[in-house]
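Contents: one structure, followed by commentary.
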Amino acid sequence: MLMIYTLAILFSLVGYFVIGHLAGRRVKHLDDYLVAGRNAPTFLILGTLVASYLSTSAFLGETGYAYQGYPFVMLIFAAVSTSGCLLGALVFGRYLRRSGALTVPEFFGKRFASRRVQVIAGLTTVIGLGAYLLGVMQGAGIMFAELTGMPYWVGLVLVWATYTGFVLYSGSPGVVLTDTVMFVIFSIAAFGGSIYIISDLGGWQGIIEGLVSQSDKPGIALWHGVIEGDGADFSTPGEALTWGLTLGLVWAAVLAASPWQASRYLMARNEHVVMRSAMLTAVALAVFYAVMMVTGAAINLYDTGLESERAMVWAALNVLPAWLGIVILTGVFAAGLSSCSTFLSIIGFSLSNDILPPSRNEASAMRASRIAILVTGLTALLLALFQPPAVMAVVWFAATLFASSWGPVALMSIWSRRITAAGAGWGLIVGFLGNLMLSLAEQAGWVQLPVYLHPVVISTVVALVAIVLASRFTRVSEAEREYRLFLHQHDPSVEASWGKGTRWIAIATMVSGVAVGIFLWQQYATTLAEVASRLSVSDGAVSGAYLLAAGCGLMLIIAGGVGYWVARSRRRAGQATNAAAATP
């Protein structure tokens, strides 16, 4: 059996390498290499957004956290965090696309007319995404070792050679195309495996009743998860809710402004592609979490004593039919590989474009980018070989660094007239270092923070204070003022051909929200209410289940409604501009 999994993994590695190589044939200029010629359609941007976000951390770490006892707390987290997709597109991403920058740090440099700000943003990108790349590489290495029986280091080397090879040659076109292929594969894998496990255990009713009845993890089927026993992460329902909401808001900021998400918008064909892909990404992530978190918890009905981060791998090897196990495990492997390629490309591009001295021409710029990618990849490989794996911890730590540093600066760069280059620079530094030091101190046990005072929350507030103080003692230059005004201008001609389609996607997003809400209401909340009449489930837990179902659907309804309103208002503004231009 291990031979079958080994061949499947090796075949997928070869396939991704070939796809990336074919995409690289179209790379002729620096724009092609760094931002895929700024011509990517909605489906490719959707694919790379979802693939960049759903790494091995989601399939192993977050699904493992659901197995550990918190599937519906993770749904609360997901309902809030996915709102960041549309938030990022509307308040930052579409303006980022309008800027014509090659990287997000370059956008900050242009916006504030400051090479210093660009370098600072580039350094935070390299350090933060370097840690993120380390986490997802280790996840892919663990997967390879689990599936093939080969040593962990062999998997790391093969994974590194594959994604480094096609990123080095093809740049962004290879990353976007392979990301989308991987997105399709792991979507099919996730839903295929989940449907089989849910059906095998008697559907949602069988799973909910089974989870309520078991005693090893009491409360796992309730909205707040396990709050009793030595292994409980939370002591009260309120603490679990606070964690879900707080971390959801943090990750909403990550989705809105982080370099690996925001940089995808630089490749979009136009601003409507940015908005469309963001809404569809919110829908895809909401459906993924609704299905996968329940599946992770359901694995307890087979075995409650597994290591949490390996629960999905165990289910694929021991529960699913061999062919479906191959599909789901190669899908999980693809998720990790896609994130590796994305992070490596962004780190390499930032090194060459934002930190090192500017190149004299396109040829030298592309050569510098490829050298930076190779050096970065080798460094990540060496660190992954000698650093003990801790996939979810490393990924969540690295990702949240950008919520406190990039989040305030990104938002204010578009919407504040008063932020200056000094304010932006200090905001990036203070938000990044403050989060880093607080997180390390908390992990070392030097400080103990309540759930509602996550290091991200504190460092974000401190970063805002730094931005306000530094901006107060400096002046906005004329170049900064003019660039901000430029960002708020849009091309009315695009609205006529693209606006209608964007409004239809917004309507589809709202309909998806209604569908998700009804599904969770019937399959989870109503089932729990029926079980409560026979087993000891409190009325409060049942009421919470209904509120959770309604809230998950409502977030998508709101996202679609906001997207529709923005698309409609842009259409009216475009009509008014055209009418004014036609008036003699």
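The values are calculated or read from the model by the stated rules, or taken from the named source; none is laboratory data. Note that this is a predicted model, so its numbers are computed, not measured. All Cβ positions, glycine included, derive from the backbone under ideal geometry; neighbour counts span all protein chains shown.
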Exactly one condition in (1) surrounded by 15 or more Cβ atoms within 10 Å (Cβ to Cβ); (2) closer than 23 Å to Gly561 by Cβ; (3) in contact (Cβ under 8 Å) with a residue 40 or more places away in the chain is not met by Gly501; state its number.
(1)
Residue list for region 413-470, restricted to those being surrounded by fewer than 22 Cβ atoms within 10 Å (Cβ to Cβ), among the polar types (S, T, N, Q) and within 15 Å of Phe112 (Cβ to Cβ):
Ser416
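Which residue, of Val319, Val395, Val313, is within 30 Å of Tyr65 (Cα to Cα), surrounded by 16 or more Cβ atoms within 10 Å (Cβ to Cβ) and modelled with pLDDT under 80?
Val395
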Here the qualifying pairs (Cβ atoms under 7 Å; residues six or more apart or on different chains; first in region 1-30 and touching a residue at least 40 places away in the same chain (Cβ under 8 Å); second surrounded by 18 or more Cβ atoms within 10 Å (Cβ to Cβ) and outside any helix (DSSP H, G or I)) come out as Val27/Gly171
Scan Phe144, Phe191 and give me the residue that is of a type in the set (Phe, Trp, Tyr) and touching a Gly at 6+ places or on another chain (Cβ under 7 Å).
Phe144
Matching residues, region 341-385, being within 15 Å of Met137 (Cβ to Cβ) and surrounded by fewer than 16 Cβ atoms within 10 Å (Cβ to Cβ):
Leu378, Thr379, Leu382, Leu383, Leu385
Go through region 339-378 and report how many residues are closer than 16 Å to Arg264 by Cβ and either part of a loop (DSSP other than H, G, I, E, B) or without any contact (Cβ under 8 Å) to a residue 40 or more places away in the chain (or both).
0
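Restricting attention to region 293-350, and to residues there that are touching a Lys or Arg at 6+ places or on another chain (Cβ under 9 Å) and hydroxyl-bearing (Ser, Thr, Tyr), which single residue is nearest to Gln118 (Cα to Cα)?
Thr342
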For region 232-338, list the helices (runs of 4 or more DSSP H) that sit wholly inside it and hold at least 2 residues that are in contact with a strand residue (DSSP E or B) (Cβ under 9 Å, 6 or more places away or on another chain) and of a type in the set (A, V, I, L, M, F, W, C); which are they?
271-298
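Pick out, from region 93-203, the helices (runs of 4 or more DSSP H) lying fully within it that include 1 or more residues that are within 23 Å of Ala384 (Cα to Cα), touching a Pro at 6+ places or on another chain (Cβ under 8 Å) and basic (Lys, Arg).
Values: elements: 94-99, 104-111, 115-148, 152-170, 172-200.
In region 93-203, there are no helices (runs of 4 or more DSSP H) which contain 1 or more residues that are within 23 Å of Ala384 (Cα to Cα), touching a Pro at 6+ places or on another chain (Cβ under 8 Å) and basic (Lys, Arg).
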Give the residues of region 165-179 that are surrounded by 22 or more Cβ atoms within 10 Å (Cβ to Cβ) and either more than 30 Å from Ala262 (Cβ to Cβ) or not aromatic (Phe, Trp, Tyr) (or both), sorted by residue number.
Val167, Ser170, Gly171, Ser172, Pro173, Gly174, Val175, Val176, Leu177, Thr178, Asp179
